[in-house]
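The values are calculated or read from the model by the stated rules, or taken from the named source; none is laboratory data. Keep in mind the model is a prediction, meaning the values are calculated, not measured. Ideal geometry is used to build each Cβ from the backbone, glycine not excepted, and the neighbour counts take in all protein chains shown.
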Amino acid sequence: MQSFRNLRVWERSHKLTLDVYASSKAFPRDEIFGLTRQMRRASASIGMNIAEGCCRKGDAEMSRFLQIAMGSASELEYQLLLAHDLDYLRNPGYERLAIQVVEVKTMLSSLLQKVKAVN
């Protein structure tokens, strides 16, 4: 068992979550229970699942939580695109967040491959 805080992918996902929260503050008030909440939950879910996977026994459970984190990252990637297309997120903010989420997904994929190779 390792500390999630030692993983670069967790650090990146935590920063992404903080940036999503900051960026979504400017969304329309009527989106507070819609897209704003969904984006915040999806971004936070990435780091939460990495953290939970790290405290589980065995690589199979770690792998499962990393896959859940990947699903949340993909969900967030679409939500960012939707927010951009609705003009809630403008460039360069959208581009910065979109790059961050793709980087997190790449790192998750790499970690997932390493964990699966151990089995």
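Tabulated values for the structure
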| quantity | calculated |
| --- | --- |
| Count - residues of the stretch 95-119 that are more than 15 Å from residue 69 (Cα to Cα), in contact (Cβ under 8 Å) with a residue 12 or more places away in the chain and not small (Gly, Ala, Ser) | 5 |
| Some residue of the stretch 101-114 being β-branched (Val, Ile, Thr) and closer than 13 Å to residue 17 by Cα | yes |
| Residue count, the stretch 2-19 (criterion: assigned to a helix (DSSP H, G or I), loosely packed, with under 13 Cβ neighbours inside 10 Å and either hydroxyl-bearing (Ser, Thr, Tyr) or modelled with pLDDT under 95 (or both)) | 2 |
| Any pair with Cβ under 7 angstrom, 6 or more apart, that starts in the stretch 25-45 at a residue that is free of Cβ contacts under 8 Å to residues at least 12 places away in the same chain and among the polar types (S, T, N, Q) and ends at one that is crowded, with 16+ Cβ neighbours inside 10 Å and not in a helix (DSSP H, G or I) | none |
